[in-house]
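In what follows, a single structure is set out as structure tokens and then discussed.
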Amino acid sequence: ITLLMAFFVILFTLSEPEKEKFKNLAAQFKLEGFSKVERESDAKELKKELQLMLEDSGFDQYAGVTETDKTIDIELASSSFYELGSARFSAKGLPVLEKIAANLKRFEGSAMAIEVEGHTDDSPIATAQFPSNWELAGARASNVVRFLIVKGISPAMLRSVSLGDTQPKAQNRDAAGNPIPANQDLNRRVVIRVVKKS
């Protein structure tokens, strides 16, 4: 791409191209070549910033950042970011959410969408506020979305979804049907998924 660009620069210096055609050609280069490089660079920078922030705050043991071809996923352990059996943010988790929101806001132009997923373990909950795990997972995800909106991220970019206990990371129970506490803790999570521009 660089050699091709240099070739066109030489051509332009030896001729007097029409300004409108030059603008169109430059725009085409932007769309076909450099925009992809910029997207990849933005995604890598966002991932790096988030990882450093989690390490600096000491929350890297409760939250992690992973990247796929299409997304950057920020996974938050519910036990550290929410009060037990509640969708309210915990006092220790709130400062980290503030920093996550600040990072997402800085790279807002790099994301097509931000999806927030709520997950639970398979232990049933039945309270007036949360008749089942579906409501609890949904409320936790929705609270993250509302928090990001308050922090200045466009509502049009956001959505929340409740997955309840349908997508566990680990087996909730052993062969005898007894709970596996460590696995259940792993399954209680919220995932902030940043979908890269196509």
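Number of residues in region 78-98 that are outside any loop (DSSP other than H, G, I, E, B) and open to solvent by 20 Å² or more (accessible area, probe 1.4 Å) equals 5.
Do you know which residues across region 161-179 are outside any loop (DSSP other than H, G, I, E, B) and open to solvent by 50 Å² or more (accessible area, probe 1.4 Å)? Answer for region 161-179, where residues must be outside any loop (DSSP other than H, G, I, E, B) and open to solvent by 50 Å² or more (accessible area, probe 1.4 Å): V161, R173, P179. Here is the figure for region 101-128: residues that are open to solvent by less than 50 Å² (accessible area, probe 1.4 Å) and closer than 23 Å to A87 by Cβ total 15. The residue that is farthest from the chain's Cα centre (by Cα), among those in region 51-68 that are more than 15 Å from K99 (Cα to Cα) and without any contact (Cβ under 8 Å) to a residue 24 or more places away in the chain, is Q61.
Only one entry in A141, A137 is more than 20 Å from K70 (Cβ to Cβ), among the aliphatic types (A, V, I, L, M), open to solvent by less than 40 Å² (accessible area, probe 1.4 Å) and at pLDDT 95 or above, namely A137. Every listed requirement among (1) outside any strand (DSSP E or B); (2) in contact with a helix residue (DSSP H, G or I) (Cβ under 8 Å, 6 or more places away or on another chain); (3) open to solvent by 40 Å² or more (accessible area, probe 1.4 Å); (4) closer than 30 Å to E49 by Cβ is met by G152 save one, (3). Within region 102-119, residues that are among the basic types (K, R) reach partners that are not in a helix (DSSP H, G or I) with beta carbons closer than 7 Å, at six or more positions or on different chains, in the pairs K105/K151; K105/G152; K105/I153. Considering only residues in region 181-198 that are open to solvent by less than 50 Å² (accessible area, probe 1.4 Å) and either aromatic (F, W, Y) or not in a strand (DSSP E or B) (or both), the one that is nearest to R106 (Cα to Cα) turns out to be N187.
The values are calculated or read from the model by the stated rules, or taken from the named source; none is laboratory data. Treat the numbers as computed from the prediction; the structure is a model and nothing was measured. Every residue, glycine among them, receives a Cβ derived from its backbone with ideal geometry; neighbour counts consider all protein chains shown. Calculation scope for accessible area: heavy atoms of the full protein, side chains included, ligands and nucleic acids excluded. Shrake-Rupley method; radii C 1.70, N 1.55, O 1.52, S 1.80 Å.
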